[in-house]
Amino acid sequence: MADKFAINRETNPYQFGSKIIEWTPGSDTIPPETRAVIFDDDGTADLTNQDGTTIAAFPVVGLACLPVIPLKITAMSGPTKCYLVI
């Protein structure tokens with residue numbers, strides 16, 4: 001079944017999703033419907049990849065989307081907020 005995302009992308013190629021939520025780093029898994037991860041400032045983040053491998057101190061740029069959607073964001077240093085585009 002087609003979702004709203006496909007329709008939105010046809011008319012607006014710059015829209016990733018339809019909602020932004022604030023995310024608190026920790027042990028919770030990022031929701032599977034996440035389309036982008038954005039931090040409010042430059043710094044680093046500790047990430048867990050979809051295959052379970054971890055990356056410590058991955059550099060992040062404020063208001064720039066991560067190149068991948070990690071399974072988890074366990075910590076961040078520098079940014080004060082993390083947002084998910086759903």
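Computed from the coordinates by the stated procedures, all read-outs in this text should not be read as laboratory data. Since the structure is predicted, the reported quantities are computational estimates derived from the model, not experimental observations.
Distant-in-sequence amide contacts of residue 36, defined by a placed amide H-H separation under 5 Å and a gap of 5 or more residues or a different chain, comprise 85.
Residues whose amide H comes within less than 5 Å of that of residue 81, counting only those at least five positions distant or on another chain, are 40, 41 (H built at 1.01 Å from N in the peptide plane).
Average the reciprocal distances over every distinct pair of alpha-carbons in the range 4-85, invert the result, and give the Kirkwood radius in Å. Provide the component values of the computation, followed by the final result.
Numbers: mean 1/r = 0.0764 Å⁻¹.
The Cα-based Kirkwood calculation yields 13.1 Å.
Computed from backbone phi, the HN-Hα couplings of the range 75-81 come to 6, 8, 9, x, x, 9, 9 Hz, rounded to whole numbers (Karplus: 6.51 cos²θ - 1.76 cosθ + 1.60, θ = phi - 60°; Gly and Pro given as x).
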